[in-house]
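Q: Got a structure for you, written out below as structure tokens; questions coming shortly.
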Amino acid sequence: MSDTPDSAVRTYTEQHRTAFLDDLADWLRIPSVSAQPEHDGDVRHSAEWLSAKLEETGFPVTEIWETPGAPAVFAHWPSDDPDAPTVLVYGHHDVQPAAREDGWDTDPFEPVIRDGRMYGRGAADDKGQVFFHTLGVRAHLATTGRTAPAVNLKLLIEGEEESGSPNFRALVEERAGRLSADAVIVSDTGMWDESTPTVCTGMRGLAECEIELYGPDQDIHSGSFGGAVPNPATAVARLVAALHDADGRVAIPGFYDGVAELTDAERVLFAELPFDEATWLRTARSRAASGEAGYSTLERIWARPTAEVNGIGGGYQGAGSKTIIPSSALVKISFRLVAGQDPDRIQDVVRAWAEAQLPAGVGHRITFAPATRPCLTPLDHPALQAVARAMGRAFDRKILFTREGGSGPAADLQDVLGAPVLFLGISVPSDGWHAPNEKVELDLLLKGVETTAHLWGELAAALR
Ligand SMILES: [Zn+2]
């Protein structure tokens, strides 16, 4: 093979593979479980370990940032090019709980390598994916002869992602000046599968509400009063029945206002993914696919806003019968949101819609949980194209595009910093996030190293 920049990166990565994997295994031995207070010291130890490792990697600035909860790690390596753009990498150093008796074949905090995989809690989510950035930046410097990265490189690695990132938004707002960036790279996601490298272009947002309806002041006799006063359980059922139209569209007036429609280019690229609906139905544990008319299953999950009833109840649900008109009933509804939808406005239209459905004499209380905003980077964004090129050089394949139907704190970075969010994840669905026997494929992990080795030059050129 000729000594192209790409093969030089591959050779460098291969030469440093053993030490890299040994270091990652050391980090995985620290049980940084943010959900369990007995591991608070381990989460702190994990932050300190990472900070020291980033310093050893060459980052001139490494800091531990305290929050009211677990600490985050910040690192900064300024470019020597005064015109270089700034890029912020996001990941997390905390992990999900894990115990041998959950079904692990080996100790979750004593990593082992078997069949080209490293098993251990955090191997894929998210320590492995954070860690490929360390060898990646070394490979970038070594193979380009630079002494500093082609971009001003910043890292923010939080310690509470697995606990819902309760202090993350406040941390980002408080430190927005130091975190300022022209683009954000999130390395806490995955790709389609082992042989289909993909870049995720966005995540849906989330708004959740609980609607309680009140009828009589107490449960009353259905013989003495039935048919003559409003029934809150019937009112809840009518509300739920009115949520969608016959085409599966959400029937709340104003719900779709501002929704960013899929482009033809995206629909074509989504359709190129090797998606098998029958297999997907098995993973969904469902007997049929259903949803908004005019959209494929992947489009429904990734690119369309939805309303789902999460729970409904009210009145007597015990054994036998109890002939009452219940005094109250409730429904819990979650809305997944897409780019262009504002969670605050969604609250307003949901409230107005629900209130307009209620019969006289039925009282109500509507409460909303804190919302997560959607985020999306358009396919033709130069930074997104740079990520796809860097990944393509590492994988020697065409890179396809996905989105994520779920919701996460990445949107906070987009909102507060005003920068596009790009997802660089090399994990695959079989990695077992949050499950027993979590693992990372070593070949893919090293492709992550190669991708980031190419990425800073590609982004510097794209964002100039
Ligand atoms: Zn994660």
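The values are calculated or read from the model by the stated rules, or taken from the named source; none is laboratory data. Owing to the predicted nature of the structure, the values given are computational and were not obtained by experimental measurement. Cβ atoms come from the backbone with ideal geometry, glycine included; neighbour counts cover every protein chain shown. Just so you know, the surface numbers come from the protein's heavy atoms only, side chains and all, with ligands and any DNA or RNA stripped out. Shrake-Rupley method; radii C 1.70, N 1.55, O 1.52, S 1.80 Å.
Q: Which residue is surrounded by the most Cβ atoms within 10 Å (Cβ to Cβ), if the candidates are limited to region 431-454 and must be over 22 Å from Asp6 (Cα atoms) and more than 17 Å from the chain's Cα centre (by Cα)?
A: Applying the filter and picking the extreme gives Val440.
Q: Which residues, taken from region 370-391, are hydrophobic (A, V, I, L, M, F, W, C) and either surrounded by 19 or more Cβ atoms within 10 Å (Cβ to Cβ) or at pLDDT 95 or above (or both)?
A: Within region 370-391, Ala371, Cys375, Leu376, Ala383, Leu384, Ala386, Val387, Ala388, Ala390, Met391 meet the criteria.
Q: Which of the residues belonging to region 190-202 are within 16 Å of the ligand (Cβ to nearest atom) and either in a strand (DSSP E or B) or without any contact (Cβ under 8 Å) to a residue 12 or more places away in the chain (or both)?
A: Within region 190-202, Gly190, Cys200 meet the criteria.
Q: I need every pair where a residue in region 84-103 that is open to solvent by 10 Å² or more (accessible area, probe 1.4 Å) has its Cβ under 9 Å from the Cβ of a residue that is within 14 Å of the ligand (Cβ to nearest atom) and assigned to a helix (DSSP H, G or I), sequence separation at least 6 or different chains.
A: So the pair list comes out as Gln96/Glu162; Pro97/Glu162.
Q: Which residue, of Val416, Val428, is surrounded by fewer than 22 Cβ atoms within 10 Å (Cβ to Cβ), among the aliphatic types (A, V, I, L, M) and closer than 30 Å to Lys332 by Cβ?
A: The conditions single out Val416.
Q: Among the residues in region 210-219, are any on the phi > 0 side of the Ramachandran plot and either hydrophobic (A, V, I, L, M, F, W, C) or part of a loop (DSSP other than H, G, I, E, B) (or both)?
A: Scanning region 210-219, I find no residue that is on the phi > 0 side of the Ramachandran plot and either hydrophobic (A, V, I, L, M, F, W, C) or part of a loop (DSSP other than H, G, I, E, B) (or both), so the answer is no.
Q: Here is a follow-up. Condition first: within 14 Å of the ligand (Cβ to nearest atom) and not hydrophobic (A, V, I, L, M, F, W, C). Now tell me which residues in region 139-161 satisfy that.
A: Glu158, Gly159, Glu160, Glu161
Q: Out of Gly164, Gly120, Gly136, which single residue is crowded, with 22+ Cβ neighbours inside 10 Å and within 16 Å of the ligand (Cβ to nearest atom)?
A: Being crowded, with 22+ Cβ neighbours inside 10 Å and within 16 Å of the ligand (Cβ to nearest atom) holds for just one of Gly164, Gly120, Gly136, which is Gly120.
Q: Also, I was wondering about something else. Among the residues of region 172-185, write down those that are open to solvent by 10 Å² or more (accessible area, probe 1.4 Å) and not polar (S, T, N, Q).
A: Matches in region 172-185: Glu173, Glu174, Arg175, Ala176, Gly177, Arg178, Ala181, Asp182.
Q: Is it the case that region 456-464 has a residue that's away from the ligand (no atom under 16 Å from the Cβ), crowded, with 24+ Cβ neighbours inside 10 Å, in contact (Cβ under 8 Å) with a residue 40 or more places away in the chain and part of a helix (DSSP H, G or I)?
A: Yes.
Q: For a quick check of your reading of the model, give me the residue pairs whose first member lies in region 15-31 and is more than 14 Å from Thr134 (Cα to Cα), whose second is part of a helix (DSSP H, G or I) and open to solvent by 60 Å² or more (accessible area, probe 1.4 Å), with beta-carbon atoms closer than 8 Å and at least 6 apart or on different chains.
A: Between residues of region 15-31 that are more than 14 Å from Thr134 (Cα to Cα) and residues that are part of a helix (DSSP H, G or I) and open to solvent by 60 Å² or more (accessible area, probe 1.4 Å), the close pairs are Ile30/His45.
Q: Between residues in region 44-65 that are more than 17 Å from Ile30 (Cα to Cα) and in the same structural domain as Ala150 (by TED's automatic domain parsing) and residues that are exposed (fewer than 15 other Cβ atoms within 10 Å of the Cβ) and not aromatic (Phe, Trp, Tyr), which pairs lie under 6 Å by C-beta distance while being six or more apart or on different chains?
A: If the second residue must be exposed (fewer than 15 other Cβ atoms within 10 Å of the Cβ) and not aromatic (Phe, Trp, Tyr), the pairs left are Thr62/Glu55.
Q: Among the residues of region 418-441, are any more than 16 Å from the ligand (Cβ to nearest atom), modelled with pLDDT of 95 or more and assigned to a helix (DSSP H, G or I)?
A: No.
Q: Looking at region 246-255 only, could you name the residues that are under 23 Å from Val362 (Cβ atoms) and either outside the structural domain of Leu337 (by TED's automatic domain parsing) or open to solvent by 70 Å² or more (accessible area, probe 1.4 Å) (or both)?
A: Pro253, the sole residue that qualifies.
Q: Taking region 82-111 as the search range and keeping residues that are under 13 Å from Trp27 (Cα atoms) and away from the ligand (no atom under 16 Å from the Cβ), which one is farthest from the chain's Cα centre (by Cα)?
A: The qualifying residue farthest from the chain's Cα centre (by Cα) is Glu110.
Q: Could you tell me how many of the residues in region 169-184 are of a type outside the set (Gly, Ala, Ser) and either at pLDDT below 95 or in contact with a Gly (Cβ under 9 Å, 6 or more places away or on another chain) (or both)?
A: 1
Q: Restricting attention to region 256-292, and to residues there that are in a helix (DSSP H, G or I) and over 18 Å from Arg403 (Cβ atoms), which single residue is least open to solvent (accessible area, probe 1.4 Å)?
A: Residue satisfying both the conditions and the ranking: Leu281.
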